[in-house]
1. Which distance in nm do the two modelled labels at Asp4 and Phe144 give, with both placed 7 Å along the Cα-to-Cβ direction?
2. Which loop trypsin sites (Lys or Arg not before Pro) in the stretch 65-170, with loop taken from DSSP, have no more than 12 other Cβ atoms within 10 angstrom of their Cβ?
3. For the chain, give me the percentage of DSSP beta bridges that are antiparallel, rounded to the nearest 5 percent.
4. Could you work out the longest stretch of the chain that avoids the GluC sites (Glu not before Pro) located in DSSP loops with at most 10 other Cβ atoms within 10 Å?
5. Relative to the present Cα-Cα distance, how much length would full extension add between Val15 and Val167 at 0.36 nm per residue of separation?
6. Determine, at each q value in 0.14 (inverse angstroms), the log₁₀ of I(q)/I(0) that the Debye formula gives when each Cα of the chain is one equal point scatterer.
7. For the stretch 68-108, report the translational diffusion coefficient in µm²/s to the nearest whole number, using Stokes-Einstein at 10 °C, 1.306 mPa s, and a Kirkwood Rh over Cα pairs.
8. Among Ala85, Ala12, Ala101, which one moves the most in a GNM of the chain with springs linking Cα atoms closer than 10 Å?
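Since every read-out is calculated from the coordinates, none of them should be taken as a lab result. Bear in mind the structure is a predicted one, so any value in this text is a computation, not a measurement. Neighbour counts run over all protein chains shown; Cβ positions are idealised from the backbone, glycine included.
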Amino acid sequence: MIRDNFSRAILACKVTTEYSSEMARQTLEGVLHRFSLMSQEGTLVTDDGMENKGKLEEWLHKPGMLWKKLVAQLDIIQSNSMVEAANKILKYRFLYTKPVADTNELINTLENAVKNYNGIPNGQLYGFTPNEVLTGAKPDKHHFKAQIITGKKQRLAENQNFPCKIVCRT
């Protein structure tokens, strides 16, 4: 899985039956080409897994490559928990909720899960979806302020009209 730190969008997610640094290299190269990032400097933050060594490192060290790799909690203090969190969400919300018959169904399910995930409003993006931020929306905690206040009032009114025996105070 490759995820953008700023937009929090999942940029690529591949199904494979083995840990493969060649698959990781191909996936990263595909993302860099798709988003026209080959001619820009950038940083790939990974864990220390075998899939992030070998062919991927060789490719990143070739002459003229502007991207570098940092290993979370070794080269930098930060972890790669943001990717791990997205990985867990995909598994528990989309993949483990129904049986998957075969690899083709898994690939289709995962593609749909990524599309769905990237379209869900995110609290860290102040209500924008990862896709919206990826395509240029600027996260601003005041952007949806009026809608949030209206929604809060509507929920409070609905809850107060609900016939229950519990005394609620505002």
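1. The modelled label-to-label distance comes out at 1.8 nm.
2. Loop-located and lightly packed - Lys141, Lys165, Arg169.
3. Taking every DSSP beta bridge with both residues in the chain, the antiparallel ones total about 25 percent.
4. 42-170
5. Residue separation times 0.36 nm, minus the Cα-Cα distance, leaves 49.6 nm.
6. After summing over all Cα pairs, the log10 values are -0.87.
7. 129 µm²/s
8. Ranking Ala85, Ala12, Ala101 by mean-square fluctuation puts Ala101 first.
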